[in-house]
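J.: Next up is a structure, given as structure tokens.
The values are calculated or read from the model by the stated rules, or taken from the named source; none is laboratory data. Note that this is a predicted model, so its numbers are computed, not measured. FYI the Cβ positions are ideal-geometry reconstructions off the backbone, even for glycines, and counts take in every protein chain you see. Quick note on the areas: whole protein, heavy atoms, side chains included, nothing else; ligands and nucleic acids left out. Shrake-Rupley method; radii C 1.70, N 1.55, O 1.52, S 1.80 Å.
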Amino acid sequence: MAKEKQVFFCQECGFESSKWMGQCPGCRAWNTFCEEKISVGTKKQSDRRAAIVPTSILEVVTADETRFSTGLEELNRVLGGGVVSGSLVLVGGDPGIGKSTILLQMCRNLSEAGHQILYVSGEESMSQIKMRAERIGSFTKDMLLLCVNNLEDVEEYVRKDKPKVIIIDSIQTIIVDDISSAPGSVSQVKEVTARLMQMAKQMNIAIFIVGHVTKEGTVAGPRNLEHMVDTVLYFEGDRNAGFRILRAVKNRFGSTNEIGVFEMAEKGLSEVNNPSKVMLDGRPQNTSGSVVVCSMEGTRPILLEIQALVCQTNFNLPRRTSVGIDYNRVNLLLAVLEKRVGLVLSGCDAYVNIAGGMRLDDPSADLGIVYALVSSFRNRPVDGGLVAFGEVGLSGEVRGVSAAEQRVNEAKKMGFTTCIVPKSNMDSIKKIEGIKVIGVSNLVQALEYI
Ligand code: TYD
Ligand code: MG
């Protein structure tokens, strides 16, 4: 008989320990350890061990990677060109961001294309799903619903009839009986995922798992799911603003950092084919502190508006706040401006925001942030037809970035007239009609143009 063992898991990172601890040695979070009971079966040494021999890589036959379209171009792009049979995909995001909606839309398209779909929901009743489905469109009879909380029920069904795609909504509500801990706990979530992985690989079914994210930004409990699955997609964006960004964080079948942009409308999510236009919509004219940058999201250049507000502080310690961009990066750029350009910013509060709810990791936005800060500090607007990109180093130098020409082309396409770029990128940019490209090598030079 299986014995029960007590273990403690960190709900943040999944660190396992035999005793309770205040601080997790894995992720340094406090008070995250929870007790869980797991059963340990007495494993028999199997005879089949002896039969396993390694195979030479030259003899391995590659299976054809069969992909099928989701019917949503933006989702296909993020997945690397479509759904791969036998893959396990984790779709994470805040509650209410639209995970169930996008998967239901995908199911609709797939069932229309004649694939059999099994939608397993542990959260909603059949009639709730039906109500949402009616807003999205009409479905065919190949779309099957199953409202259960037990993985064994799903396995039972799959043994009888094999669907092409399974959706598990959500991983935090599905349990296996072998494990006595609560739904959504680390050991449950890990075990369910492992079993789903086996099912996906053995039966060649594409499985999508929905995972809710906690406030701290990890899929509740199991950030360690990420390494178990083939593809990790995150849905981000402001829940109150209409735009949603689907980002691939990991993809065994395609490139990461690709994004898909969607808009939540009355009839579900609609695709946004020109994100630059959307991101720049409603940009204020002739206002100080607003600058457009061009960031690369995967293979796509996207124009974004950076907004900065610099004002005299009323505190001993000035306030610095950033939304959508790394806070430390903003502090660093403020320090560089102070030391290398001689602007006295230490007595100023500074706020930096990326309009449109996007998040930016690309250091090529540095030059734009600097422009926005200086523009607000001097209270002088930057020319509305100007786009800037370039990484700023600690000595105030402006360093080259990737895909410079593509960025300039995007700026041209969106009707901008001037582009400030790093000098080292000038060679890689062909002369483009209708847009003036200016190369700068340091901040002092760069600031002459605004
Ligand atoms: P949902 O997909 O249920 O979120 P998740 O599964 O990530 O928790 O998102 C639902 C939200 O989207 C909800 O607040 C209502 C809104 N919504 C629309 O605005 N239009 C629609 O057509 C649908 C289906 C949902
Ligand atoms: Mg949902």
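J.: For the range 410-428, what are the residues that are assigned to a helix (DSSP H, G or I) and either touching a helix residue (DSSP H, G or I) at 6+ places or on another chain (Cβ under 8 Å) or open to solvent by 70 Å² or more (accessible area, probe 1.4 Å) (or both)?
T.: E410, K412, K413, K423, S424, N425, D427, S428
J.: Continuing with this model, one more query. Can you tell me which residue is surrounded by the fewest Cβ atoms within 10 Å (Cβ to Cβ) among those in the range 357-373 that are in contact with a Leu (Cβ under 9 Å, 6 or more places away or on another chain) and farther than 17 Å from L337 by Cα?
T.: Looking at residues that are in contact with a Leu (Cβ under 9 Å, 6 or more places away or on another chain) and farther than 17 Å from L337 by Cα, I get L360.
J.: Ok, one more. Go through (1) more than 16 Å from ligand 1 (Cβ to nearest atom); (2) touching a Leu at 6+ places or on another chain (Cβ under 7 Å) and name the single condition Y119 misses.
T.: (1)
J.: Continuing with this model, one more query. Quickly run through the range 205-228 and pick out the residues that are at pLDDT below 70, in contact with a strand residue (DSSP E or B) (Cβ under 8 Å, 6 or more places away or on another chain) and either away from ligand 1 (no atom under 15 Å from the Cβ) or open to solvent by 10 Å² or more (accessible area, probe 1.4 Å) (or both).
T.: A220, G221, P222
J.: So how many residues does the range 6-55 have that are at pLDDT 85 or above, outside any loop (DSSP other than H, G, I, E, B) and open to solvent by 90 Å² or more (accessible area, probe 1.4 Å)?
T.: 2
J.: Would you kindly identify the strands (runs of 3 or more DSSP E) lying entirely within the range 72-158 that contain at least 3 residues that are away from ligand 2 (no atom under 13 Å from the Cβ) and surrounded by fewer than 20 Cβ atoms within 10 Å (Cβ to Cβ)?
T.: 143-146
J.: Then there's this: (1) open to solvent by less than 50 Å² (accessible area, probe 1.4 Å); (2) outside any loop (DSSP other than H, G, I, E, B); (3) within 23 Å of S87 (Cα to Cα): which one isn't true of V249, the others all being true?
T.: (1)
J.: Please go through the range 374-408 and give me each residue that is surrounded by 18 or more Cβ atoms within 10 Å (Cβ to Cβ) and part of a helix (DSSP H, G or I), ordered by number.
T.: V374, S375, S376, F377, A404, R407, V408 - these are the residues of the range 374-408 that are surrounded by 18 or more Cβ atoms within 10 Å (Cβ to Cβ) and part of a helix (DSSP H, G or I).
J.: Looking only at the range 408-435, how many residues end up being modelled with pLDDT of 95 or more and charged (D, E, K, R)?
T.: Residues that pass the stated criteria total 1.
J.: Here's another thing I want to ask about it. For N328, work out the one condition from (1) open to solvent by less than 20 Å² (accessible area, probe 1.4 Å); (2) in a helix (DSSP H, G or I) it doesn't fulfil.
T.: N328 satisfies all of (1) open to solvent by less than 20 Å² (accessible area, probe 1.4 Å); (2) in a helix (DSSP H, G or I) except (1).
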